[in-house]
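Shown next, in structure tokens, is the structure this report addresses.
The values are calculated or read from the model by the stated rules, or taken from the named source; none is laboratory data. These numbers come from a predicted model, not from an experiment. The area values use the complete protein model at the heavy-atom level, side chains included, leaving out ligands, DNA and RNA. Shrake-Rupley method; radii C 1.70, N 1.55, O 1.52, S 1.80 Å.
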Amino acid sequence: MYARRLGALAYSLLFAATGTAAVEPADDILLDKLAVGDYSRRGADTCLGCHDEEEPFPTLDVFATVHGHPAVDRSPFAMGGAEPPAGLQCEACHGPIGDHGRQILPDGVEREPILNFGERGNAEASLQNGLCLQCHQTYERARWAGSAHESSDMACADCHRIHAETDAVRTMTAQNETCWGCHRDVAADALKRSAHPLRDSLIVCRDCHDPHGTDNDKLNVRATANETCFTCHAQMRGPFLWEHPPVVEDCMLCHSPHGSNQPALLVRRPPQLCQACHSSPGHRSLGLGPDQLPPRPTSEFLLAKACLNCHGEVHGSNHPSGNLFRR
């Protein structure tokens, strides 16, 4: 009786977590089983009789994680847990086993389904995520609903591996590879001549973006792109006596954050980048008089480092002679 009440509670929590009652899973049997809550008395002992390390999808590594450790509070395998899904073991995530473990079927005949995740998922992402959010509805995932990844019908298990001893997406060495599985353009940018050290895993996507959702553009961890950049590049923050307006507005006006074939992550090479805003005619290096035309198409002052030959502090300067360039 307690298991049935618990199943009904898990069913109601599921739709409270997804924020909608219009979820239509791939198989209505899964919803019916969650509503009835016919949980097994033997728990994981029933599942592990078949799902051992000899299976194509081994599961025993779950006991090396917080999900499978009986001493972790509110884990599915926690002993004596008072709140769902504590104490339900495998069925806390995969739903009631029902007749799945009791059927004797000939080869080629499928068993009664249980809820599967990730590559083997047999239900819509909203249903899969609802099970995860019963426990993981914390401040880090409070903005998941309506986020870019949730709106793209991504499931938690598309990125996370629960049965693996180490969840790759939570490690410095493998997180970027996980993200690049979808974001191939970013993977290509990371291989360009000038790039943040993403391919060396010295920084990871999570340093700048929150995959579980934010109120900010591009899932940035800070309110603006500039604030996100300043978490590492604080020397560019200012305030400066002589400010460069594009720097104050948006770093992305001049820099490509994931990688560029130009130096310093620039979107274009100087002086073309500078001349997108600053017109070269009339510049004092051209030596124009009242009735003169430029003696040549370009000035020697625009060679090599171009504008940076003179204007070295392009992000802003406190130099006392800065007003010489404002007359």
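Suppose the chain between Cys232 and Cys182 were pulled fully straight at 0.36 nm per residue; how much longer would it get relative to their current alpha carbon spacing?
That pair, Cys232 and Cys182, stretches by 15.4 nm at full extension.
Search the structure for amide H atoms under 5 Å from the amide H of His209, placed 1.01 Å from N in the peptide plane, and list their residues when 5 or more places away or on another chain.
Result for His209 returns Val221.
What is the percent carbon and sulfur in the accessible area of the stretch 148-212, measuring with a 1.4 Å probe over the protein chains and ignoring ligands?
Solvent-exposed carbon and sulfur of the stretch 148-212 make up 53 percent of the total.
So, for the stretch 111-187, what is the accessible surface per residue at a probe of 1.4 Å, expressed in square angstrom?
It amounts to 57 Å² per residue over the stretch 111-187.
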